[in-house]
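Everything on this sheet refers to the single structure shown next.
The values are calculated or read from the model by the stated rules, or taken from the named source; none is laboratory data. This structure is a prediction, so every number in the text was calculated from the model and none was measured. Cβ atoms come from the backbone with ideal geometry, glycine included; neighbour counts cover every protein chain shown.
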Amino acid sequence: MEINQYMGMFLEESREHLQTLNRCLLELETQPDNLSVLDEIFRSAHTIKGMSATMGFTTVAELTHEMENILDMLRKAQIKADHIIIDVLFKCVDTLEQLVECITNNQECSEDIRPLVSTLQALASGQAGFEAAATLAAVAEDSPVQSMLALDEVDTKIIYTAQNQGMQAYEVIVSLKEGCLLKSARAYMVMRTLEELGEVIKSVPPVEDLERENFDLKFQVVLISDREPDKIRDAVMSISEVEKTDILPYAKITLDKKPRLGIAESKPKLTAEPPKENIEHSAVQSALADKKIKSGQSVRVDIERLDTLLNLVGELVINKTRLEQIGLTHRLNDLAETIELMDRITTDLQAVVMKVRMVPVGQVFNRFPRMVRDLSRDLKKEVNLIIQGEETELDRTVIDELGDPLVHLLRNAIDHGIETPAERQAKGKNPVGEIKLIARHEGNNVIILVEDDGRGINPDVIKRKAVDKQLITQAEADKMDSSEVVNLLFLPGFSTAETITDVSGRGVGMDAVKTKIEALGGMVDIETKINEGSKFKIRLPLTLAIIQALLVKVHAEIYAIPLSSIDSTINITPADIKTIQNQEVILLRGQIIPIIRLAEKLGVPQIPNDTHEELFVVIVHMGSQRAGIIVDTLIGQQEIVIKSLGKLLAGIKVIAGATILGNGQVALILDVGSIIQ
Amino acid sequence: MSNNAYSSDQVQLVVFKLGKEEYGISILQVQEIKRMTDITRVPHTPDYIKGVINLRGSVLPVVDLKKRLNMNAGEYNDNTRIIIVKIEEIFIGMIVDAVSEVLTLPVNNIEPAQTVVGGVSATYLYGVGKLDNRLIILLNLEALAGLGQETRAG
């Protein structure tokens with residue numbers, strides 16, 4: 001239970017670190033010698049390892065541990081970050097991502113890390129040239145007896161620490177007399193004696209085997225002690241039936257001897273920094289780095305809490321309006337002043353709360369460099385991804401939905417847009433293609449551009465395809481201009497890829513992109529020039545929670561129409577309304593626009609004596625369709641907070657939601673799309 | 001259909017009036033009781049859904065309970081109240097003629113709904129509580145909340 005409380009944090013942080021890993025590995029690939037990048041990778045891996053071990057996710061911990069080994073070697077320049085290693089590391093990151101995903105979904109993870117782990121180990125040892133068995137082989141070279149003990153990393157560290165504290169590590173080789181009857185008892189006594197003298201950190205064979213008499217006459221023990229070797233020997237020899245005791249002091253450990261590396265073979269005494277210091281050093285460094293990052297970092301807050309906060313602020317604003325009205329009726333100067341002050345504060349408060357919900361678009365962009373790298377490799381293309389404006393902020397809800405459409409667009413750009421290097425060279429272009437992913441503000445919108453310098457979209461090809469697929473007729477195709485043609489891409493079931501790859505070209509992409517973006521209240525435009533490239537422009541509202549809307553009145557009821565779907569508003573008289581086949585229409589600048597009487601459409605109860613000489617028409621559009629909505633009066637433009645109508649009232653077609661007006665009243669937001677249809 | 005709200009030895013009921021009859025719901029399901037306020041009509045909904053109100057920043061639907069139970073709806077007056085109840089995570093306002101009191105009723109005094117013959121469709125009833133000479137009709141809010149489906153269909 002208690003663990004659960006940290007689960008969210010663990011998952012979030014793991015994802016963050018995985019993203020860092022991805023980003024840094026990409027950097028490392030371009031500059032293999034960059035130590036600071038390596039350090040960052042190491043830190044991230046280390047953090048993941050620590051966190052997952054604490055949370056009990058051993059698979060994750062195990063994998064990261066193996067990664068760390070490799071990374072450590074990279075860091076010490078014992079091996080080089082060639083593409084094999086980088087690929088393996090990328091694979092590790094992918095696997096980790098999957099593991100974390102499994103944890104998120106609370107599933108048993110089927111991911112088998114063993115092959116990866118053994119690859120990592122092979123990399124560590126294979127490149128190393130010789131095996132850890134010779135480790136440390138602290139065996140003083142002049143020693144008559146060869147050590148048979150292989151020490152692992154942990155042992156080495158313990159010994160190292162002990163040596164630093166002025167203690168000695170010995171390898172004690174005890175031989176029992178031939179014909180010894182109670183070998184296990186003797187061994188036990190030896191062990192006890194040794195334990196009195198110091199600390200036994202390892203024995204070969206292991207203690208269990210000793211107890212079961214599962215050994216020959218000889219066994220070895222690694223002992224850490226501050227006693228002289230002779231004293232130890234005497235103590236052991238005083239036990240009966242011990243034939244011989246050899247005590248081999250370990251040389252002062254310089255862990256570089258831990259010969260994992262090829263270079264170490266020729267120069268076994270190669271001096272590298274003692275690892276302890278190294279570890280400490282990096283710990284300090286990472287602590288520093290953490291601190292640095294944290295000072296610019298943030299508090300994690302559940303988005304629901306922010307919503308609650310937003311609601312409360314909304315409440316506050318509404319009550320402030322009421323106070324204002326009271327102030328007006330009673331004409332109290334003091335009150336009016338206070339209210340004015342309060343007004344300013346609440347406005348600021350509202351702005352701040354809205355801002356809190358904003359997150360930089362970089363959160364989505366971050367994962368693309370990796371994706372582009374992998375994809376361009378698969379497709380044997382060379383692509384340089386340029387990201388700009390990742391600090392541009394968008395509402396959290398928009399950010400969450402933005403990933404998929406952008407993936408589609410980028411995949412399309414790499415698959416269809418960018419040509420192969422040979423093709424590019426033939427066209428006199430830089431063989432390395434360029435894809436730009438740019439985010440920027442534009443008024444109340446955020447623009448995201450996906451731009452490639454590839455082959456562009458050929459309108460004739462699109463026309464032909466569209467006709468082939470019977471999406472349009474030949475006659476229609478002939479009438480279209482090139483911008484209309486490009487928009488055919490968005491038709492469901494359209495795909496221009498000559499061959500369908502698993503990357504793109506299944507004919508679902510662009511259609512899905514458009515739907516998604518429109519669901520977010522945005523728009524997609526395409527600009528393209530043959531052989532110069534294409535540009536996809538996504539325009540998104542800053543937030544989904546607050547929109548600009550026009551408030552209109554129909555009889556006694558107030559409705560909000562999202563400003564994004566309004567073209568204009570005009571005044572007409574009843575005489576301006578004509579009918580075509582029983583459909584009421586008006587003529588606006590030569591265009592015939594069908595009109596909808598909102599009062600009838602929504603069944604608004606009539607108020608007696610409520611007739612208007614003048615009619616207000618709000619011209620709205622949805623896609624290419626336009627219509628005029630007749631309302632009684634226009635109240636004005638206002639920022640409104642969108643609230644859902646709740647489960648009970650879900651599924652009412654013409655209403656997109658509700659909002660609370662300044663006086664506390666609820667006004668409904670019209671769903672223009674379904675009203676037009 | 002579990003009805004935890006009525007499951008212990010005795011239940012505390014919020015008693016309210018619809019016409020001349022007394023009705024009760026478990027106090028555990030009642031969030032608050034409001035005076036009549038502005039209700040925004042929502043188009044294309046069944047007539048028993050009066051619309052939506054603003055309850056401290058959230059928008060919630062209001063049902064005219066008398067219409068919902070097919071009783072003759074009267075005018076709203078000073079005694080009219082909106083009882084905000086929570087049914088399966090959904091908040092709903094119910095318009096009632098008056099809220100009279102909160103009382104405790106031993107569970108033994110509740111007769112199951114099947115044996116009662118009344119104007120209100122038995123599906124919406126949990127039972128009838130007897131206290132002294134009064135009969136209090138206990139409503140099954142979970143069944144009433146099933147109205148969501150009907151709304152969508154209509």
Problem set entry | Which listed residue is of a type outside the set (A, V, I, L, M, F, W, C) and closer than 16 Å to A:Glu518 by Cβ, from A:Glu423, A:Glu401 | A:Glu401
Seminar exercise, completed: Just one listed residue, out of A:Gly651, A:Gly662, A:Gly657, A:Gly636, is outside the structural domain of A:Thr347 (by TED's automatic domain parsing), without any contact (Cβ under 8 Å) to a residue 24 or more places away in the chain and touching a strand residue (DSSP E or B) at 6+ places or on another chain (Cβ under 9 Å), and it is A:Gly657
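The rows are residues; the columns are (1) at positive phi; (2) modelled with pLDDT of 65 or more; (3) touching a Leu at 6+ places or on another chain (Cβ under 8 Å).
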site	(1), (2), (3)
A:Ala133	no, no, no
A:Glu141	no, no, no
A:Ser147	no, no, yes
A:Ile158	no, yes, no
A:Thr161	no, yes, no
A:Val172	no, yes, yes
A:Leu176	no, yes, yes
A:Leu181	no, yes, no
A:Ser184	no, yes, yes
For this session: Those residues that are under 42 Å from the mean Cα position of the chain (by Cα) and assigned to a helix (DSSP H, G or I), I need them from region A:479-491; list them, please.
Result: A:Ser482, A:Ser483, A:Glu484, A:Val485, A:Val486, A:Asn487, A:Leu488, A:Leu489, A:Phe490
For this session: Of all residues in region A:628-642, count the ones that are surrounded by fewer than 22 Cβ atoms within 10 Å (Cβ to Cβ) and more than 14 Å from every other protein chain (Cβ to nearest Cβ).
Result: 8
For this session: Only residues that are over 36 Å from the mean Cα position of the chain (by Cα) and over 19 Å from A:Gln548 (Cα atoms): list them for region A:629-668, please.
Result: A:Ile630, A:Asp632
Seminar exercise, completed: All-but-one check, B:Asp38 against (1) free of Cβ contacts under 8 Å to residues at least 60 places away in the same chain; (2) more than 7 Å from chain A (Cβ to nearest Cβ), failing number (2)
For this session: Inspect all residues belonging to region A:329-349 and state whether any of them is modelled with pLDDT under 80 and surrounded by 14 or more Cβ atoms within 10 Å (Cβ to Cβ).
Result: no
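Residue by residue, here is whether (1) within 30 Å of A:Leu540 (Cα to Cα); (2) part of a loop (DSSP other than H, G, I, E, B) holds:
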{"position": "A:Val398", "(1), (2)": "yes, no"}
{"position": "A:Leu410", "(1), (2)": "yes, no"}
{"position": "A:Ile438", "(1), (2)": "yes, no"}
{"position": "A:Leu449", "(1), (2)": "yes, no"}
{"position": "A:Gly456", "(1), (2)": "yes, yes"}
{"position": "A:Ala477", "(1), (2)": "no, no"}
For this session: Taking A:Arg373 as the residue in question, decide whether it is among the basic types (Lys, Arg) and touching a residue at least 40 places away in the same chain (Cβ under 8 Å).
Result: yes
For this session: For region A:654-674, name all the residues that are in a loop (DSSP other than H, G, I, E, B) and more than 7 Å from chain B (Cβ to nearest Cβ).
Result: A:Leu661, A:Gly662, A:Asn663, A:Asp671
Problem set entry | Counted residues, region A:599-624 - those being assigned to a strand (DSSP E or B) and modelled with pLDDT under 80 | 1
For this session: For region A:546-558, indicate whether the set of residues that are polar (S, T, N, Q), in contact with a helix residue (DSSP H, G or I) (Cβ under 8 Å, 6 or more places away or on another chain), buried (at least 16 other Cβ atoms within 10 Å of the Cβ) and at pLDDT below 85 is non-empty.
Result: no
Exercise. Taking A:Thr329, is it under 36 Å from the mean Cα position of the chain (by Cα) and either over 30 Å from A:Asp87 (Cβ atoms) or in a loop (DSSP other than H, G, I, E, B) (or both)?
Worked result: no
Exercise. Restricting region A:55-71 to residues that are of a type in the set (Ser, Thr, Tyr) and in contact (Cβ under 8 Å) with a residue 24 or more places away in the chain, which is surrounded by the most Cβ atoms within 10 Å (Cβ to Cβ)?
Worked result: A:Thr64
For this session: Could you tell me whether region A:316-338 includes any residue that is touching a Ser or Thr at 6+ places or on another chain (Cβ under 9 Å), within 12 Å of another protein chain (Cβ to nearest Cβ) and without any contact (Cβ under 8 Å) to a residue 12 or more places away in the chain?
Result: no
Problem set entry | Residue that is surrounded by the most Cβ atoms within 10 Å (Cβ to Cβ), among those in region A:525-542 that are of a type in the set (Val, Ile, Thr) and either within 15 Å of A:Glu434 (Cβ to Cβ) or more than 27 Å from the chain's Cα centre (by Cα) (or both) | A:Thr528
For this session: Could you please find all residues in region B:12-25 being over 14 Å from B:Asn140 (Cα atoms), in contact with a helix residue (DSSP H, G or I) (Cβ under 8 Å, 6 or more places away or on another chain) and assigned to a strand (DSSP E or B)?
Result: B:Gln12, B:Leu18
Seminar exercise, completed: Condition set of a type in the set (Gly, Ala, Ser) and under 14 Å from A:Val100 (Cα atoms), scope region A:8-48, selection surrounded by the fewest Cβ atoms within 10 Å (Cβ to Cβ): answer is A:Gly8
Exercise. When you look at A:Leu645, is it crowded, with 21+ Cβ neighbours inside 10 Å, within 14 Å of chain B (Cβ to nearest Cβ) and modelled with pLDDT of 80 or more, yes or no?
Worked result: yes
For this session: Would you check which residues across region B:52-71 are out of contact with any helix residue (DSSP H, G or I) (no Cβ under 9 Å at 6 or more places or on another chain) and more than 20 Å from A:Ile318 (Cα to Cα) and list them?
Result: B:Val62, B:Asp64, B:Lys66, B:Lys67, B:Asn70
Exercise. Just for region B:51-62: of the residues that are more than 7 Å from chain A (Cβ to nearest Cβ) and surrounded by fewer than 23 Cβ atoms within 10 Å (Cβ to Cβ), which one is farthest from A:Ala556 (Cα to Cα)?
Worked result: B:Leu55
For this session: Among the residues of region A:304-315, count how many are surrounded by fewer than 17 Cβ atoms within 10 Å (Cβ to Cβ) and within 8 Å of chain B (Cβ to nearest Cβ).
Result: 1
Exercise. Of B:Ile25, B:Ile92, B:Ile82, B:Ile33, which residue is away from chain A (no Cβ under 14 Å), among the aliphatic types (A, V, I, L, M) and buried (at least 19 other Cβ atoms within 10 Å of the Cβ)?
Worked result: B:Ile25
